[in-house]
Amino acid sequence: MGHTLTLDVPEEVYQALRQQAEHTGQPPETVAVQLLTSITQPQNTDPIEQFIGAFSSQGTDWADHHDTYLGQSISATMSPEASEGHADA
């Protein structure tokens, strides 16, 4: 069962809806319903989910410190010692 909802949107929002509607050949109301539907539906697909539990980890704090660990890894690959032997480095 559907419900009627009346919205007072800013001009720039309406114009964006109108442009999208013209592009798709649909009324602005239909585009608005599609957008609202897409953002209110739970996201059932997580692109990382397939990797959960796939790798063993020595530490338990990786979720809190992943930026630090990634930075250390990148820094190690960019060090002069890491680039030795590469003619173009």
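The values are calculated or read from the model by the stated rules, or taken from the named source; none is laboratory data. For clarity, every value in this text was computed on a predicted model and none was experimentally measured. Positions of Cβ are backbone-derived with ideal geometry, glycine not excepted, and every protein chain shown enters the neighbour counts. We work out accessible area using only protein heavy atoms, side chains counted, and drop any ligands, DNA or RNA first. Shrake-Rupley method; radii C 1.70, N 1.55, O 1.52, S 1.80 Å.
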Exercise for the section: Could you sort 11-24, 56-69 so that the peptide with the highest average Cβ count within 10 Å comes first and the rest follow in order? Expected result: 11-24, 56-69
Problem - Within the chain, helix-based [θ] at 222 nm, where runs of 4 or more DSSP H residues each add -39,500 (n - 2.57), nearest 500 - result: -16500 deg cm²/dmol
Problem - Cut-off 14 Å between beta-carbons: net charge of the residues surrounding GLN20, Lys and Arg +1, Asp and Glu -1 - result: -2
Practice task
Determine the share of the chain's accessible area contributed by carbon and sulfur atoms, expressed in whole percent, with a 1.4 angstrom probe.
Solution key: 56 percent
Handout entry: Shape metrics for segment 1-56, restricted to C-alpha atoms - Rg then Dmax, Å
Key = 17.3, 52
Practice task
Taking only protein heavy atoms into account and a 1.4 Å probe, give the accessible area per residue of the chain in Å².
Solution key: 93 Å²
Practice task
Note the angle between two axes, namely the Cα long axis of helix 62-78 and the longest principal axis of the Cα atoms of the chain, as a number of degrees from 0 to 90, rounded to the nearest 10.
Solution key: 60 degrees
Fill in the blank from the handout: Note, segment 7-21: 3J(HN,Hα) by Karplus (6.51, -1.76, 1.60, θ = phi - 60°), whole Hz, Gly/Pro = x, goes 10, 9, 9, x, 4, 5, 5, 4, 5, 5, 5, 4, 5, 5, 5
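For the chain, with only Lys/Arg (+1) and Asp/Glu (-1) charged at the beta-carbon, what is the dipole magnitude about the Cα centre, in debye rounded to 20?
340 debye
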Completion exercise
Note, segment 24-38: 3J(HN,Hα) by Karplus (6.51, -1.76, 1.60, θ = phi - 60°), whole Hz, Gly/Pro = x, goes 9, x, 10, x, x, 4, 5, 4, 4, 5, 4, 5, 4, 5, 5
